[in-house]
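Okay, so here's the structure we're looking at.
The values are calculated or read from the model by the stated rules, or taken from the named source; none is laboratory data. Here the structure is a predicted model, which means the values were calculated and not measured. Positions of Cβ are backbone-derived with ideal geometry, glycine not excepted, and every protein chain shown enters the neighbour counts. Each accessible area value is taken on the protein alone, full model and side chains, heavy atoms only, with ligands, DNA and RNA left out. Shrake-Rupley method; radii C 1.70, N 1.55, O 1.52, S 1.80 Å.
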Amino acid sequence: MGSMRMGGCLSLIICVLLLLKAEAISVSISFVENAVAKGAVCLDGSPPAYHFDKGFGAGINNWIVHVEGGGWCNNVTTCLARKDTRLGSSKKMDGVVSFSGFFSNKQKFNPDFYDWNRIKVRYCDGASFTGDIEAVDPATNLHFRGARVFVAVIEELLAKGMKNAQNVIFSGCSAGGLTTILLCDRFRALLPTGAKVKCLSDAGYFINVKDVSGAPHIEEFYSQVVKTHGSAKNLPLSCTSRLSPGLCFFPQNVASQINTPIFFINAAYDSWQIKNILAPGVADPHGQWHDCKLDIKKCSPSELSIMQGFRNDFMKALTAVGNSPSKGTFIDACYAHCQTGTQETWLRNDSPLLANTTIAKAVGDWFYDRKPFHQTDCTYPCNPTCHNRVFDDNKFGV
């Protein structure tokens, strides 16, 4: 009986792996070698990198440029800790990554964008591509050049055919989703004037709220990021002309001034924000939130009440987006973070739904002007279609 049960488990695992393989494709890394001479480099001075899967057929002149996430570093110590990892050096990046969901090249899994040119830009500067400090301290050899990296990568893609683009989506997840918000209009300005360009932020709408101890943890952290990387001059002037630069790292302070069409996908109970903004380790020294942050089903009534308060703050911050049809929102009640890059949350039979609509359908309808989409979910745990994250305790950290 035991061996039969084991055999059944192995068969299930094999089936799942085969399904994932069928849904994803592997794409090799490319380096922007000529960027080094321009000083457009990762934290360690290595060249920027990206993964490029070419479009085909009717999508040959359509492009998705997607920026990966990975948090930020706010001082020399935390940037040094990133410097010798994939988030600070292209030398440490995997040579091949998987493309699925929004990046799938199969019509079944990605009906509106499967034949587009699809690019994932690697993230290695630690400030959402906003930093630019000329001087390099020889004691640390840290390069704060994210803004230059951004331009160098876009220039290379233009040379590789994006100069002939007809349709373009500039997207990103997490810290990359913040990039698409902060640099949306700047990206548009680098593209051909005749191209249809829109932006898409996935889990990039980080909000300015106090943590559970009452401290302004994320506000102080973002202020330090901006100062360390010299980001102020690369943040939207419409914000920095009226607020301190650190506050201009928050989407709620820049969203209303974005001129380029933009779509926001976010969980109202964003798992990264709950773990790192609402209840970071520094605000929870005794680990009372530990189990709750691992699995929302393990949250106590009092913790859930605080998380409902976070949702309320998130919805208030989101009002800056407005309801223009040029902008779009898909705000679900899931405990999740980044939902476009995995097939299960982008488009599958059991994907999250809002107004009986998948993320893939909402984004496609909005981009092609078939139908505007502004939808906000009810409160947790109302949505049975959610794929709520459950974190591995051994890999869990904040």
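Within region 173-206, how many residues are on the phi < 0 side of the Ramachandran plot and in contact (Cβ under 8 Å) with a residue 60 or more places away in the chain? Lay out the reasoning, then the answer.
Step one: filter region 173-206 for residues on the phi < 0 side of the Ramachandran plot, giving 173, 175-202, 204-206.
Applying the additional criterion that residues be in contact (Cβ under 8 Å) with a residue 60 or more places away in the chain yields 173, 175-182, 184-185, 187-188, 197-202, 204-206.
Residues in region 173-206 being on the phi < 0 side of the Ramachandran plot and in contact (Cβ under 8 Å) with a residue 60 or more places away in the chain: 22 in total.
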Taking ARG86 as the residue in question, decide whether it is outside any loop (DSSP other than H, G, I, E, B), at negative phi and of a type in the set (Lys, Arg). no
Meets criteria (touching a residue at least 60 places away in the same chain (Cβ under 8 Å) and basic (Lys, Arg)) for LYS293: yes
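So, in region 325-336, how many residues would count as being assigned to a loop (DSSP other than H, G, I, E, B) and either surrounded by 22 or more Cβ atoms within 10 Å (Cβ to Cβ) or among the small types (Gly, Ala, Ser) (or both)? Before the answer, list the steps.
Step one: filter region 325-336 for residues assigned to a loop (DSSP other than H, G, I, E, B), giving 325-326, 333-336.
If we keep only those that are either surrounded by 22 or more Cβ atoms within 10 Å (Cβ to Cβ) or among the small types (Gly, Ala, Ser) (or both) as well, we get 326, 333-336.
Residues that pass the stated criteria total 5.
Name the residues in region 372-385 that are within 22 Å of THR319 (Cβ to Cβ) and without any contact (Cβ under 8 Å) to a residue 24 or more places away in the chain, would you?
Looking only at region 372-385, we keep the residues that are within 22 Å of THR319 (Cβ to Cβ), and these are 372-380, 382-383.
Hits for region 372-385: nothing passes.
Residue by residue, here is whether (1) under 23 Å from ARG118 (Cα atoms); (2) open to solvent by less than 20 Å² (accessible area, probe 1.4 Å) holds:
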{"residue": "GLN343", "(1), (2)": "yes, yes"}
{"residue": "ASP350", "(1), (2)": "no, no"}
{"residue": "LEU354", "(1), (2)": "no, yes"}
{"residue": "ALA362", "(1), (2)": "yes, yes"}
{"residue": "ASP365", "(1), (2)": "yes, yes"}
{"residue": "ASP369", "(1), (2)": "yes, no"}
{"residue": "PRO384", "(1), (2)": "no, no"}
{"residue": "PHE391", "(1), (2)": "no, no"}
One residue is enough: does region 192-202 have a residue meeting the conditions more than 30 Å from ASN61 (Cβ to Cβ) and surrounded by fewer than 21 Cβ atoms within 10 Å (Cβ to Cβ)? no
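This table checks each residue for (1) modelled with pLDDT of 95 or more; (2) of a type in the set (Val, Ile, Thr); (3) surrounded by fewer than 18 Cβ atoms within 10 Å (Cβ to Cβ).
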position	(1), (2), (3)
ASN62	yes, no, no
ASP84	yes, no, yes
PHE102	yes, no, no
VAL149	yes, yes, no
Does SER305 satisfy being farther than 23 Å from HIS66 by Cβ, of a type in the set (Gly, Ala, Ser) and open to solvent by 10 Å² or more (accessible area, probe 1.4 Å)? yes
Within region 100-131, which residues are outside any helix (DSSP H, G or I) and closer than 22 Å to ALA159 by Cβ? ASP115, TRP116, ASN117, ARG118, ILE119, LYS120, VAL121, ARG122, TYR123, CYS124, ASP125, PHE129
From the options GLY341, GLY328, GLY309, residue that is among the small types (Gly, Ala, Ser) and closer than 15 Å to GLY101 by Cβ: GLY341
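Could you tell me whether any residue of region 108-122 is closer than 22 Å to LEU235 by Cα, crowded, with 21+ Cβ neighbours inside 10 Å and in contact (Cβ under 8 Å) with a residue 12 or more places away in the chain?
Looking through region 108-122, at least one residue is closer than 22 Å to LEU235 by Cα, crowded, with 21+ Cβ neighbours inside 10 Å and in contact (Cβ under 8 Å) with a residue 12 or more places away in the chain.
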